[in-house]
Amino acid sequence: MQFSKKDEYRKYFVERFGVPPEIMDRYHFYERGKKVWAFTGEIVEIENIEALGIRALSLGRGIKPSTAFLRIIGKYATKNIIVLEEKEAEAYMRGEDIEKDFPVKPGYIIVRSRNDILGCGLYKGKLINQIPKKYRMMDTWV
Amino acid sequence: MEEEKIEYFFQYESIIPEFEKFIAALKTPQPYWIRVNTIKMEEKELIERLESKGFKFERFKELNAYKILNMPVKHPGATLEHSLGYYYVQDLSSMAPVLALEPKEGEKILDMAAAPGSKTTMIAEIMRNKGTIVANDISFSRLRSLGGNIERLGITNVILTRRDARKDSFGAKFDKILIDAPCSGEGVVRKNPWGFKPAGEREHRYLREQQIRMLKNAQKHIKEGGIIVYSTCTFHPLENESVVEFGIEKWGLRALEFKLPIPHLKGVEEWNGEKYENHKFHKRIYPHMVDTGGMFIAVLQKR
């Protein structure tokens, strides 16, 4: 399956998270199947390309941003950000939901604690955990 | 480590200076080192943050390389900061090939055997995600770990490919190529003494053939005047000086002098009657020098 260039996905991050367009202009977006990749390099014509940059979005019923990409552009975001207190952040990084109202628009949001962009969350009257299992904190971690 | 495995290394008594210290180092566990991912976090800030959690570090000179003296967890990756991609656990010796490569912003670089990604991510960090890296590996499972590390560290300028670096095309000419070649892995024995299997002469020769094929393919993909860094984490000259010497004679590559801020010795001059004319250009890092793993590095230029 081929990667096809679709820079129109930049708009999603500008509109949903208020990331300045000039920041999003750094990235080129490539769609393959139900995944969209963000890439800052130059395309080289090679067979068997497995990935281009970083997975930025998943396409299904709607658009879902990836934790990995939000961790990169999240510091430039100006809206739809949930800021967690230290204890809440710890619980969130362990995979828990946070049962609390937050002043954001329902849908996918950026979760932050102090200066750390923790990743993606889904807000539906409460914060539903979207941190991939591989990034979650375990009991033995500090 | 079992005596049988230690004895294996006595074949190198004539080529490794301060051999007793070398053997003593092999018998001790290798400390962990980390590299701060400065794409995401300032060095000073991360070190202070981890120290406030009970870590203790010793920085190596002015390099972004910190030896862990103490840690409050069993594995250095068991922290929130690691999950957030703020650092990479990477031995100091494994940083040497990238320092020899001297990546620059905007360059096009091929990393022929890239997984699990310590060197690819270090190259990208130095390039500040500007320019292009083609990071290749032949194994699908190893590519997954490479992809995972790229994602965790927030690297966006890498094209990940699954090609056979011994023969396949990479579709372009590159400014620089890193061949961190699959090898008998003697230099990482301290990290995993249980998993280390001493190689026989036949295996060294087989690996040499594969390494030569990679070098042959690399010299086809390098721009005129571009450089190839050839490295392995093994001590056997057949997989190191012998491979490089072959490339110099066969394809007219030129061995270059290069600076390395990590203590090292020059390459081996002679092994089993085979002389290596260019040995002075190559560098070897041994475990007893700065308490690391072992590494061989050569820099070659296409004329």
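The values are calculated or read from the model by the stated rules, or taken from the named source; none is laboratory data. None of these values were measured; they are calculated from a predicted model. Glycine also receives a Cβ, built like all others from the backbone with ideal geometry; neighbour counts cover every protein chain displayed. Side chains are part of the model used for accessible areas, which takes the heavy atoms of the whole protein and leaves out ligands, DNA and RNA. Shrake-Rupley method; radii C 1.70, N 1.55, O 1.52, S 1.80 Å.
When B:LYS197 is tested against (1) farther than 30 Å from B:HIS75 by Cβ; (2) surrounded by fewer than 20 Cβ atoms within 10 Å (Cβ to Cβ); (3) of a type outside the set (Phe, Trp, Tyr), exactly one condition is not met: (1).
Specify the residue that is farthest from B:PRO103 (Cα to Cα); the eligible residues are those in region B:126-141 that are part of a helix (DSSP H, G or I) and more than 10 Å from every other protein chain (Cβ to nearest Cβ).
Only one residue tops the list, namely B:SER141.
Among the residues of region B:136-144, at least one is more than 18 Å from the chain's Cα centre (by Cα) and among the aromatic types (Phe, Trp, Tyr). Applying the condition of being outside any strand (DSSP E or B) and polar (S, T, N, Q) to region A:39-63 and asking which residue is least open to solvent (accessible area, probe 1.4 Å) yields A:THR40. One residue stands out among those in region A:21-38 that are facing another protein chain (nearest Cβ under 10 Å) and out of contact with any Phe, Trp or Tyr (no Cβ under 6 Å at 6 or more places or on another chain): the one that is surrounded by the most Cβ atoms within 10 Å (Cβ to Cβ), which is A:TYR27. The listed residues are B:LEU69, B:LEU63, and the only one of them that is of a type in the set (A, V, I, L, M) and open to solvent by 60 Å² or more (accessible area, probe 1.4 Å) turns out to be B:LEU69.
Looking at region A:90-111, can you tell me whether even one residue there is surrounded by 21 or more Cβ atoms within 10 Å (Cβ to Cβ), among the small types (Gly, Ala, Ser) and more than 21 Å from B:ALA78 (Cα to Cα)? Within region A:90-111, none of the residues are surrounded by 21 or more Cβ atoms within 10 Å (Cβ to Cβ), among the small types (Gly, Ala, Ser) and more than 21 Å from B:ALA78 (Cα to Cα). When B:ILE123 is tested against (1) outside any loop (DSSP other than H, G, I, E, B); (2) within 9 Å of chain A (Cβ to nearest Cβ), exactly one condition is not met: (2).
Which of the residues belonging to region A:64-88 are assigned to a helix (DSSP H, G or I), within 10 Å of chain B (Cβ to nearest Cβ) and not charged (D, E, K, R)? Passing the criteria: A:THR67, A:ALA68, A:PHE69, A:ILE72, A:ILE73.
Here B:ARG163, B:ARG144, B:ARG202 are screened, and the one residue that is within 7 Å of another protein chain (Cβ to nearest Cβ) and either surrounded by fewer than 17 Cβ atoms within 10 Å (Cβ to Cβ) or among the charged types (D, E, K, R) (or both) is B:ARG163.
Taking region A:94-142 and the strands (runs of 3 or more DSSP E) fully enclosed by it, the elements with 1 or more residues that are among the small types (Gly, Ala, Ser) are at A:107-113, A:116-123.
Considering only residues that are farther than 16 Å from B:LYS40 by Cβ and touching a residue at least 40 places away in the same chain (Cβ under 8 Å), look in region B:64-88 and name the one that is farthest from the other protein chains (Cβ to nearest Cβ). Selected residue: B:LYS67. Against the definition (under 17 Å from B:PHE281 (Cα atoms) and either in contact (Cβ under 8 Å) with a residue 60 or more places away in the chain or surrounded by 23 or more Cβ atoms within 10 Å (Cβ to Cβ) (or both)), how does B:PHE258 come out, yes or no? Criteria met by B:PHE258.
Suppose the filter is touching a helix residue (DSSP H, G or I) at 6+ places or on another chain (Cβ under 6 Å), surrounded by fewer than 22 Cβ atoms within 10 Å (Cβ to Cβ) and over 25 Å from B:TYR230 (Cα atoms); does B:LYS21 pass it? So B:LYS21 passes the test.
Residue-by-condition table, conditions (1) more than 14 Å from A:PHE3 (Cβ to Cβ); (2) modelled with pLDDT under 95:
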| residue | (1), (2) |
| --- | --- |
| A:PHE29 | no, no |
| A:LYS34 | no, no |
| A:ILE46 | no, yes |
| A:ALA51 | no, no |
| A:ARG55 | no, no |
| A:SER58 | yes, no |
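Assess whether A:ILE82 counts as being touching a residue at least 24 places away in the same chain (Cβ under 8 Å), open to solvent by less than 40 Å² (accessible area, probe 1.4 Å), under 22 Å from A:GLU8 (Cα atoms) and β-branched (Val, Ile, Thr). So A:ILE82 does not fit the description; no. For region B:147-160, a residue qualifies if it is in contact with a helix residue (DSSP H, G or I) (Cβ under 7 Å, 6 or more places away or on another chain), open to solvent by less than 10 Å² (accessible area, probe 1.4 Å) and either closer than 14 Å to B:ILE222 by Cα or part of a strand (DSSP E or B) (or both), and exactly one does: B:VAL158.
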